[in-house]
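Report on the following structure.
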Amino acid sequence: MKASGPPKFRGKSLGITILVVAQILIGSAHVFFGFLLLSTPTIYGAYTVIFGSSILSLSYGIWHGTDWGLKGTIAISIFVIIVDSLTVLNLPSIPGIPKIAAFGEISYSLIVTLFLFQKTETRTNTKTK
């Protein structure tokens, strides 16, 4: 009996499908709320719109299996981990980031980074064989 392998959706692994859906939801929410926050006196509204737009465009790259999609998402996730960690530690960061949101963003970004590093490593090993 032949093993069927992991479940797929439109030729993509279940992990990539879940990641892209999550990124689209997160990116859309950040763009929406970022525009609402543009009226506040901090830079946080603009940061949120730019972050959300970046996540949405990088989701397209991840779905299509591009290196820029993977590497860009890893870079943004690492950036979020650093910036939100500074916020949690009361160190200089982007003004307006809510501490309560920082904990969730750090956790999510760590999961995304580890998942995509694993995907990047798998792609590298496949290309060298």
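Each value in this text was obtained by applying a stated rule to the coordinates, not by laboratory testing. Keep in mind the model is a prediction, meaning the values are calculated, not measured. Note: ideal-geometry Cβ built from the backbone for every residue, glycine included; neighbour counts use all protein chains shown.
General observations
- Across q = 0.28, 0.29 Å⁻¹, segment 3-74 modelled as identical point scatterers on its alpha-carbon atoms has Debye log10 I(q)/I(0) values of -1.13, -1.17, in the order of the q list.
- Put simply, the chain fits an ellipsoid with semi-axes of 31, 16, 12 Å; these come from the alpha carbon gyration tensor as the roots of five times its eigenvalues, largest first.
- Most to least packed among 43-50, 96-103 [average Cβ atoms within 10 Å]: 43-50, 96-103
- Loop-located trypsin sites (Lys or Arg not before Pro) in segment 1-91 (DSSP state not H, G, I, E or B) with no more than 13 neighbouring Cβ atoms inside 10 Å: Lys2, Arg10.
- Theoretical ellipticity at 222 nm over the chain - DSSP helices of four or more residues, -39500 (n - 2.57) apiece, nearest 500: -26000 deg cm²/dmol
- Axis of helix 67-88 versus longest Cα principal axis of the chain: the two differ by about 40°, to the nearest ten degrees.
- The chain, relative contact order [Cα under 8 Å, separation at least 6], %: 18 percent
- Folded to 0 to 90 degrees: helix 44-63 orientation relative to the chain principal axis, Cα: 10 degrees
- Neighbourhood net charge (10 Å Cβ-Cβ; Lys/Arg +1, Asp/Glu -1) for Ile97: -1
- Partner aspartates and glutamates whose Cα lies under 18 Å from the Cα of Lys119, excluding those fewer than 8 positions away in the same chain, are identified as Asp67.
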